[in-house]
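The values are calculated or read from the model by the stated rules, or taken from the named source; none is laboratory data. Not measured: the values here are computed from a predicted model. Here the Cβ positions follow ideal geometry from the backbone for every residue, glycine too, while neighbour counts run over all protein chains shown. These accessible areas exclude ligands, DNA and RNA; they are computed on the full protein's heavy atoms, side chains included. Shrake-Rupley method; radii C 1.70, N 1.55, O 1.52, S 1.80 Å.
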Amino acid sequence: MASLPKSAVIVGGSLAGLMHGIYLKRHGVDVVLLEQEPKAVRTSNNAGIGFGPQLEQFLRSYDLTKIRNCTPAASTRIAYRKHKDFYQLKVERHTSSWGLMYRIMRANFDGLPSEAVLDPPKPLEGDGRVEYRGGKKVTKLTSKEGVVTVGYVGVDGTEGSIATDMVIGADGLHSTIRSLVQAPTIKEYSGYVSWRGVVPEADVSEETVKYFDHRNALDLLKHNYIVCYIIPPDSGSFEPGDRLINFIWYWPYAEGSHALKEVLTDVNGVVHNNTVPVGLVRPEIWTKHLAAHLPSVAEPFAEVISKCKDPFVTKVNDALSEKASFYDGHVVLVGDALCTVRPHLAAATEQAAGHCLSLGKVWNGEVTVQQWEEKTWMQAKRLWLASRAIGIFGVGGWWAFLKILGTYLAFVIKRQLKV
C-alpha cells in the first residue's frame, strides 16, 4: 500500500501502537485501536525507557501537550563490582518512564486526561476520528481486494469485526498479528532474567541521589550487571524528591532449570511463563537473592536495590520476524511485533518511533513498501544482533561474546558491501 489509507486498525495499545495512531490521526485517517488489556489505563510498573533522535523528532512534530518528557543525562557512569567510580563515559542518553510517555501518547491520541496531562489537547481541524477499544483480543485476519477484516472477541465473549484499509500489528513480543500472517520468526529466551524495580529518591541518601543524578550508571559484576537511572513517576513530576530511581539487574538462569522455575513461581504458587508482576514476587526469593549477591555490589546500587519493596522479574526474550509487510502492504508489523530487542540498549521506543516516521515516507510516496520493508528489516536485525552482543558481554562468557560480536560484524560488513 503506497498511499495514505482512509482507515486503519492498530492492534496493540502500547507506545508503538499509540505513536502510529497519532501519526495517522494527524493526517486525517480514521483509526480504531484494539488493546487486549481491559483496563482504561494500562499498568506501567514504573518501567524506564531511553530517548533517541527518532523519538525526539516524533514528539517535536506530534506531541501537542508540550510538557516535559525526559531527564537529560550528562554522562554514563561505570562501576566495577564494589568500585563505584571505575570509569566515566561521555555518552548522553536521556531517559523517561513508560508511564509518563503512555499518558502523553494517550492525551494526543484519544484525549485521555491524567495527572500528568490534566488538560489534553483538543483535536485539530483535519484530524481523523479515533477510538480506543480496550479488552479486545484479535482472533482473525483476512484480506480481499485491498480490504482487511479484523475479527476480535471482547472480555465478555462478544465477537466483532472491522473492515479497514490497513492493519498495523503493534502487539509486542507475543504478537497475534505476526502469528495470523504466519510470519517466519526467530524467538528465543536469552538465558537470563531482569530483576526490576524502582525506589523513591526520597528513600535513599543524598549522596546516592547525587551519584545517579543526570547520569546512566552501570555496575559490572561477575556474569551479571546492574543498570540504574532516575525517571519521573507516572504523574510526570521532575522535582527532586518526587522522582524514582529505576534499576535493572540482569541475572542468568538456564532455561528449564529449577532455579528459574522458583523465580517465576509467585506468592500464590502460580508459575508464570515470562513475568512475575509487581506484588507477586515471593519475598523469600528476593530476600535470598539479595543476601547472596548484594554484598558484591557497589554501595550506591546496593542502597537503591535494598530499599526496593516491590520488585518484579521478567525473562529476557527476543524475537525477529523475517518479514515486515503482508497482503501487498495492507498489513505491517512494527515495534516489538517486528523485532523485540533485548533491553540493554533501551531502544524499543526509539525503534518504534523510527518505524512510524519511516512508514510516513511510504504514505507520502517517497519510498515503496518493498523499500521500506528491506531497510526496516535490516535496521531491526542490526539492532537485534547488537542487543544480543551487549547482553552476552554483561552476562555471558568471553567466547560467547566473541561469537555474537563476529556475527554482528559480518552482518554489518555484508550490508555495507551490498549498499
Quiz item: When the residues of region 222-246 are filtered to those that are assigned to a loop (DSSP other than H, G, I, E, B) and touching a Ser or Thr at 6+ places or on another chain (Cβ under 6 Å), which remaining residue is nearest to Y102 (Cα to Cα)?
Solution: D234
Exercise. For residues that are surrounded by fewer than 16 Cβ atoms within 10 Å (Cβ to Cβ) and more than 30 Å from P233 (Cα to Cα), tally how many sit in region 121-152.
Key: 13
Quiz item: What is the one condition in (1) modelled with pLDDT of 95 or more; (2) under 21 Å from V278 (Cα atoms) that D234 does not satisfy?
Solution: (1)
Self-check item: helices (runs of 4 or more DSSP H) wholly inside region 251-349 that include at least 2 residues being in contact (Cβ under 8 Å) with a residue 60 or more places away in the chain, surrounded by 16 or more Cβ atoms within 10 Å (Cβ to Cβ) and of a type in the set (V, I, T)
Solution: 299-306
Quiz item: Hey, any hits in region 279-290 for a residue that's under 22 Å from T43 (Cβ atoms) and in contact with a Phe, Trp or Tyr (Cβ under 7 Å, 6 or more places away or on another chain)?
Solution: yes
Quiz item: Quick one: how many residues across region 393-419 are open to solvent by less than 40 Å² (accessible area, probe 1.4 Å) and part of a helix (DSSP H, G or I)?
Solution: 7
Quiz item: Would you pick out the residues in region 195-245 that are surrounded by fewer than 20 Cβ atoms within 10 Å (Cβ to Cβ) and polar (S, T, N, Q)?
Solution: S205, N224, S235, S237
Quiz item: Which residues, taken from region 41-73, are of a type in the set (A, V, I, L, M, F, W, C) and either within 25 Å of Y23 (Cα to Cα) or surrounded by fewer than 15 Cβ atoms within 10 Å (Cβ to Cβ) (or both)?
Solution: V41, A47, I49, F51, L55, F58, L59, L64, I67, C70
Exercise. Under 8 Å between Cβ atoms, at least 6 apart or on separate chains: pull out the pairs that start in region 123-146 with a residue that is more than 18 Å from S175 (Cα to Cα) and end on any residue that is of a type in the set (D, E) and in a loop (DSSP other than H, G, I, E, B).
Key: G146/D165; G146/D328
Self-check item: Members of region 164-215 found to be over 27 Å from G256 (Cβ atoms), in a strand (DSSP E or B) and not aliphatic (A, V, I, L, M), listed by number
Solution: T164, G169, P200, R215
Quiz item: Which residues, counting only those in region 26-40, are open to solvent by 10 Å² or more (accessible area, probe 1.4 Å) and either within 12 Å of M105 (Cβ to Cβ) or hydrophobic (A, V, I, L, M, F, W, C) (or both)?
Solution: V32, A40
Quiz item: In region 359-387, which residues are open to solvent by 30 Å² or more (accessible area, probe 1.4 Å), assigned to a helix (DSSP H, G or I) and either small (G, A, S) or under 30 Å from A254 (Cβ atoms) (or both)?
Solution: K381, R382, L383
Quiz prompt | Condition broken by L118, with the remaining ones in (1) over 28 Å from G169 (Cβ atoms); (2) open to solvent by less than 30 Å² (accessible area, probe 1.4 Å); (3) hydrophobic (A, V, I, L, M, F, W, C) satisfied | solution = (2)
Quiz item: Does region 1-25 hold any residues that are of a type in the set (A, V, I, L, M, F, W, C), open to solvent by less than 30 Å² (accessible area, probe 1.4 Å) and touching a helix residue (DSSP H, G or I) at 6+ places or on another chain (Cβ under 7 Å), and which are they?
Solution: A8, I10, V11, L15, A16, L18, M19, I22
